[in-house]
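Asks: If you scroll down you'll find the structure; I have some questions about it.
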2 protein chains.
Amino acid sequence: MEPGLEAWIRFLRAHASLTRQLSASLEREHGLTLNDYDVLVQLAYAPDRRLRRVDLARSVLLSASGITRLLDGLERAGWVAKATCASDARVTYAVLTQEGLAKHREVRTSHLADVESLFGSRFSEAERNALSALLLRLLEPGEDELRACASEPE
Amino acid sequence: MEPGLEAWIRFLRAHASLTRQLSASLEREHGLTLNDYDVLVQLAYAPDRRLRRVDLARSVLLSASGITRLLDGLERAGWVAKATCASDARVTYAVLTQEGLAKHREVRTSHLADVESLFGSRFSEAERNALSALLLRLLEPGEDELRACASEPE
DNA sequence: GGAGGACGGTTGAGTAGTCAAGTATTGAGA
DNA sequence: TCTCAATACTTGACTACTCAACCGTCCTCC
């Protein structure tokens, strides 16, 4: 096997392993996908708790249609709603409802605990920072939209 | 947002971004999925170029049924074939055909170049090693089946 | 003030995976 | 020897995505 490939293969395996476990637990306990949760988080921290569908798609790295379908589900569940844009009739916002905000809070704790036990706890703080910095190199400029939200939403 | 989450989110984003690009190029140029290619590689380096379906599933982290369907495709294309096991009638091997081996070689070069440009080239050798070591921590014991194959197959 | 390209969004058709249930085989213990 | 749990694998039904084609709106440039 190629020498330089080792890190890449481990990256692939680690992702498969972690997301399997995390999404199984998210699904089982809360009926959510990893991406569903990700969208809930993005909205919870967004100004006015609303985001254009396009921006949402970009920030969770899904295609435009992927976002439409994902939001379909969240809308059916009552966690997000549509809103039109006064200044541009093309765009429709996805806005987090009160129920959606409550859902986010409900899921948050247990999910953070899962991430911590499967991911965070494997590293010291310095290591985690190093890893984070290395991973940043893999992102295209603009893909690192972590959003500047240092505190709890609301 | 939670401080410890940054690395995790970048991990998720980096994976989405890289696999999107890599599998698009693999698909476009060779008609293969990332997992298809992964299976081809596993088989190419396996003793006798054959592996039990169960072992294959474990090493690429797919479910048993996932492997069945994936191999369906590769069998239809003529790249792998089934073989029975003399000592245990339950198992069926997946064996790489000559065409499959040729396909692996055909894809190999361009895919390695893609991985190198999107992944490898972002790091110095020391950084790549550091990353690899950190990623190893995320794998369960036994999931790091990189297989001890330091050289080209055959 | 059109015309035409770029943008935001949805829809239809197809694909790659999942889980749950089922079949067949194996091997260990009463 | 018979039984029964564990293992290897497949199938059916479903889900979460993708791309390509489409519609409507916006904006620029003649």
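Asks: Under 10 Å from the Cβ of B:E29, count the other residues' Cβ atoms, weight Lys and Arg +1, Asp and Glu -1, and hand me the total.
Replies: It works out to a net charge of -2.
Asks: In addition: Quick one: Karplus J couplings for the range A:115-121, per residue in order, coefficients 6.51, -1.76, 1.60, θ = phi - 60°, nearest Hz, x for Gly and Pro?
Replies: In residue order, the calculated couplings are 4, 4, 6, 8, 10, x, 5 Hz.
Asks: Would you kindly work out, in nm and rounded to one decimal, the distances from the label point of A:S25 to those of the same position in each other copy, ordered shortest first, with label points 7 Å along Cα-to-Cβ?
Replies: Reported distances to equivalent positions: 3.5 nm.
Asks: Could you check the spin-label model distance between B:C85 and A:S117? Points 7 Å from the Cα along Cα→Cβ, value in nm.
Replies: 3.3 nm
Asks: How far, in whole Å, is the nearest Cβ of chain A from the axis relating it by rotation to chain B, and which residue carries it?
Replies: With distances in whole Å, chain A gives A:H15, 2.
Asks: Given the DSSP H assignment, sum -39500 (n - 2.57) over each helix run of at least 4 residues in the protein assembly as shown and divide by its residue total; what's the result at 222 nm in deg cm²/dmol, nearest 500?
Replies: Per the formula, -19500 deg cm²/dmol.
Asks: Starting from the 7 Å offset along Cα-to-Cβ, what nm value, one decimal, do you get for the label separation of B:R69 and B:T92?
Replies: The two pseudo-label positions are separated by 1.7 nm.
Asks: A follow-up question, please. Counting only residues 5 or more places away or on other chains, whose amide H sits under 5 Å from the amide H of B:V91 once H atoms are built in the peptide plane?
Replies: Long-range HN contacts for B:V91: B:C85.
Asks: Roughly how far apart, in whole Å, are the Cα centres of the range A:33-49 and the range B:112-130?
Replies: Taking the Cα centre of each part, the range A:33-49 and the range B:112-130 sit 32 Å apart.
Asks: Enumerate the lysines that A:K103 could reach by cross-link, defined here as Cα to Cα under 20 Å, with residues fewer than 8 away along the same chain left out.
Replies: List returned: A:K82.
Asks: Measuring from a point 7 Å out along Cα→Cβ, what nm distances, shortest first, does B:V95 have to its partners in the other copies?
Replies: 6.5
Asks: How many partner chain Cβ atoms sit within 10 Å of a residue's Cβ in peptide A:118-125, on average, as a whole number?
Replies: That average works out to 4.
Asks: Place the label 7 angstrom along Cα→C-beta at A:E106 and in each other copy, then list the distances from the first to the rest in nm, shortest first.
Replies: Computed spacing set for this position: 5.2 nm.
Asks: Another question about this same structure. So, in nm, how far is label A:S124 from label A:S110 when the simple model puts each one 7 Å beyond its Cα toward the Cβ?
Replies: 3.4 nm
No lab work stands behind these numbers, since they all come straight from the coordinates. A quick note: this is a predicted structure, and the numbers were derived from the prediction, not measured. When we count neighbours, we look across all protein chains shown, and the Cβ atoms used for this are built from the backbone with ideal geometry, even at glycine.
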